[in-house]
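Have a look at the structure below, then the notes.
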Amino acid sequence: ALDRLVTGMETRAARDEIFPEEDRAFHEALYRPLGNALLVTLLQAFWDVYYRVRDQLTGGEAHVPATTTAADHRRLLDAIAARDPTAAATAMADHFDGIRSRF
């Protein structure tokens, strides 16, 4: 499921489209198997707020190309598939650094 979502992101990014549905579904699919309902609820709340204010964010890099965001997700997925927790943690931190910088 994660690979299908990332492939969808890459396809849409290649057409210079954003992919909020795939992005949200990716993170939910990543965290849901942990069995932590509070974490999933907080993640859903984050995405609800983020997509409402996304176009108003000016901090850091105001617009991250869709291709960069898709590549971030691919790097994270590749690290997970390789069972490399250090690379996965680094990929996730790098991915969220972009969001933090815009806030």
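Which ones in region 6-32 are touching a residue at least 40 places away in the same chain (Cβ under 8 Å), open to solvent by less than 40 Å² (accessible area, probe 1.4 Å) and under 12 Å from ARG74 (Cβ atoms)? Once the filter is applied, which keeps residues that are touching a residue at least 40 places away in the same chain (Cβ under 8 Å), open to solvent by less than 40 Å² (accessible area, probe 1.4 Å) and under 12 Å from ARG74 (Cβ atoms), region 6-32 yields VAL6, MET9, ALA13, PHE26. Contact map, region 41-67: residues that are farther than 15 Å from GLU28 by Cβ and open to solvent by less than 40 Å² (accessible area, probe 1.4 Å) paired with residues that are modelled with pLDDT under 85 and charged (D, E, K, R), Cβ distance under 9 Å, separation 6+ or inter-chain. Pairs shown: LEU57/ARG102; GLY59/ARG100; GLY59/ARG102; VAL64/ARG102.
Say we look at region 88-103 and pick out the residues that are under 11 Å from the mean Cα position of the chain (by Cα) and either of a type in the set (S, T, N, Q) or surrounded by 13 or more Cβ atoms within 10 Å (Cβ to Cβ) (or both); which of these is modelled with the highest pLDDT? By that ranking, first place goes to ALA91.
The values are calculated or read from the model by the stated rules, or taken from the named source; none is laboratory data. The shown structure was predicted, so the numbers you read here are calculated from the model rather than taken from an experiment. Quick reminder, even Gly has a Cβ in these numbers, built from the backbone with ideal geometry, and neighbours come from all protein chains shown. When the accessible area is computed, the model is the full protein with side chains, heavy atoms only, and any ligands, DNA or RNA have been set aside. Shrake-Rupley method; radii C 1.70, N 1.55, O 1.52, S 1.80 Å.
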